[in-house]
Amino acid sequence: MGANPTGLPREPRRDLYYFIHNVYANFFKDTLDYFGLHLLPDSKFNMISTYDKGVQYMNQMCENEGREMDKANLPAIMLNPSGEFNVADALSAGKFLWRFPNLAPGFIKRIFDPVYKDANTQVHVGFMRMQGEMELLFLINSFYEYCDVKMLLLNIFGGYERWIYPQFFTTFIILPKELINYRYTNEYTGLSYTLDWESSGAYQHLVKTINQDEMVIPCNIKPVYRLMSLNDASTKYGGTDDLAEWKLGATISYEIEIPTYLVLESDYLFEKIDINITAGSTYSTYNSYDVPVAKIQKTFNKDWNIDETSNSTLELDGECTNEIRDYNFHTRYFHTINQAEMDSTSNVIITIPEQVDDLNGLLVNSKFGPMDYGDHYRLLDNGNTLEIRKDTVDLEVGMVIELYIYLPST
């Protein structure tokens with residue numbers, strides 16, 4: 001896994017994240033802890049539950065402690081999550097293409113820092129922005145406590161439908177086995193290794209929902225909340241068997257970033273090559289043109305004669321045969337335009353480590369696409385030097401010139 005037999009740019013691999021329920025579970029738990037700490041710090045029960053299940057649990061606890069049923073251990077908070085969640089609106093950046101693994105996943109490397117990075121490989125996490133609602137139900141002892149909790153809610157949220165950013169909550173991302181066991185291999189340098197996830201903070205963790213130890217990476221996520229409504233759910237008139245109950249219900253809307261996929265990219269550092277011309281297998285960011293494939297077909301013109309005195313013409317020695325010939329990918333080189341070359345009035349001169357004696361098998365690209373022989377560049381020194389014409393090519397510092405060499409099939 002991870003081999004690159006052709007030497008051409010590797011396609012980034014995408015892995016879906018299948019254990020999203022752990023993120024939601026941590027989100028609801030930390031939300032409950034946050035409101036419990038700020039609204040009812042003396043709460044006896046903080047539960048993620050429906051009302052009926054919560055009351056049943058409280059009654060069972062009272063029975064186990066030998067308490068009377070009409071003297072429940074209050075106050076208590078119940079968080080009732082809703083399964084009615086969906087992708088956030090476009091105004092909240094929920095519909096951007098990079099949010100989805102099948103639309104524009106490669107763009108996330110320009111937005112988020114990698115969760116793993118070494119000299120050859122980096123891994124990024126993609127997030128979907130989700131929106132939904134939850135209900136908070138406060139079971140309290142008296143009307144006075146009811147007033148306190150309601151006023152605190154209005155104070156924290158600044159009234160209704162105002163977004164607040166209270167805190168980060170902690171969760172983890174379970175790494176797919178394919179990424180844990182991924183082996184980077186470069187057949188040209190002989191380098192081969194598996195990713196060292198522990199160096200990036202990954203660790204073994206028991207995931208209770210699946211009862212397995214998994215390799216996970218920690219993740220901090222900051223949700224936003226807004227208070228949509230408050231309702232008085234109190235039972236103010238008790239009967240012969242029941243006492244009056246004070247309950248306050250709050251409907252809270254939220255938006256949250258949920259990790260949904262991971263993108264692994266190999267050979268991404270070609271732009272940091274700082275010598276004139278270097279061989280290697282790296283990832284290219286020039287996506288505006290078609291990257292050359294492993295095999296091409298070209299019309300073979302016999303006996304090219306490289307005219308070093310002309311900027312626009314190419315001379316032929318002998319007869320043009322127009323023979324169709326297959327060419328196989330051989331190697332490629334990169335040259336990064338530096339400040340000295342930009343300041344110079346001369347053309348850019350690039351020394352090629354090997355002789356190019358067949359222009360049919362030569363492809364030269366810039367960020368704007370394929371370059372034409374004569375108009376944009378020419379070969380000098382019997383095919384050992386490449387000259388880029390500054391009068392016809394828009395160059396800039398940091399621009400990478402890519403040189404692909406194909407050899408005729410034997």
Enumeration of residues in region 348-392 that are touching a helix residue (DSSP H, G or I) at 6+ places or on another chain (Cβ under 8 Å) and not in a loop (DSSP other than H, G, I, E, B) = 348, 373, 379
Counting only residues that are in contact (Cβ under 8 Å) with a residue 40 or more places away in the chain and buried (at least 18 other Cβ atoms within 10 Å of the Cβ), region 81-98 contains a total of 2
Check whether at least one residue in region 44-60 is part of a loop (DSSP other than H, G, I, E, B), farther than 30 Å from residue 190 by Cα and either at pLDDT below 60 or among the acidic types (Asp, Glu) (or both), and report yes or no.
-> yes
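The values are calculated or read from the model by the stated rules, or taken from the named source; none is laboratory data. Just so it is clear, the structure is predicted and the values come from calculations on it, not from any experiment. Positions of Cβ are generated from backbone atoms using ideal geometry, with glycine treated the same way; all protein chains shown enter the neighbour counts.
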